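Notes for the one structure printed next.
The values are calculated or read from the model by the stated rules, or taken from the named source; none is laboratory data. The structure presented is a predicted model; accordingly, all values stated were derived computationally and were not measured. With ideal geometry, Cβ positions are generated from the backbone for all residues, glycine too; neighbour counts draw on all protein chains shown.
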Amino acid sequence: MKKSVIGAALLAVLVGATAIWLVSRSGRDANTLVLQGNVDLRQVSLAFDGNGRIEALHAEEGDRVKAGALLAELDTQTLSLQAEQAKAKMAADRQTLLRMEHGSRPEEITQARDRLDAAEADAARAAADLSRLRQVAASTGGKGVSAQEIDRAAAAAKASEAQAGQAGEALQLAIKGPRAEDIEAAKAQLKAAQAAFALYRHRIDQGELHAPEDAVVRSRLAEVGDMASPQRPVFELALTSPKWVRVYVNEADLGRVKPGMAAEVTTDTAPDKPVPGTVGYISSVAEFTPKAVETEDLRTALVYEVRVRVKDKDGALRLGQPVTVKLQTGPEA
């Protein structure tokens, strides 16, 4: 008797559920597909590329920031001084290279030529003195001049001749200018100084934290005076542009959804103010319905992810907010 009652009750429940399902199916609008979803939440954790002490913070939680907006700064005084030092060295190396490339000045060449003339004159005088001493020694049979005097005169003449040769070589070097190898070395030294200066400037630029996109500040994770590092985020930003709505479509309705299809997105707080959008992405892989998604079918049914790109100029949609999406699909095939 009990089994009969239980069986009859189960049968009644089954018949009722079937009837409700048939009514809901027959009551669907063939030209409109209604989906439930959420505004997609995309966030970025911002941290400084370098290390240092935070000097200033320019944003609070909840602030809307534009792409490129300055959010925080590090203390870069030490880096600025090092950059000035590198800049001065770079200027000195540049002048050294210019001096080598321009070669000797005309005045320097004139001075070298004058030194050569003086050295040649000394050499000529020393040679003449030696010649006279030898003539005197020859005419007097070696009695008028000692051998030591002749030797000293010969040594002085030889030294004067060597100095004249050195002066001549110095003149040639002044005319030719610096060696090509020395010029290339000066160029390399200048490049090294420029790279050092650029490195300091880059590290100074890393002391500023900018918003990568239009966003809303969700969290401020550091304060002025804290030590910053690349591993420690300072802000968490929720990106606001572009804004997407993520919904899921079952396999029976998948053929009704096309990329570029117009959509209307509404919220429970403003159901009479739809936000326009278009279908931008349809997944090619089926998945189980997420538990956060409410559909008319069973939660274990396989569905396909669809993203609707919205034009929310007035900022009516909040990130993560549940919304209703209506697609005008036309008559079902």
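If I filter region 283-293 for residues that are under 36 Å from the mean Cα position of the chain (by Cα) and either modelled with pLDDT of 90 or more or acidic (Asp, Glu) (or both), do I get at least one hit?
No, there is no match, as no residue in region 283-293 is under 36 Å from the mean Cα position of the chain (by Cα) and either modelled with pLDDT of 90 or more or acidic (Asp, Glu) (or both).
Filtering region 59-98 down to residues that are part of a helix (DSSP H, G or I) and among the acidic types (Asp, Glu), which residue is surrounded by the fewest Cβ atoms within 10 Å (Cβ to Cβ)?
For region 59-98, the residue satisfying everything is Glu84.
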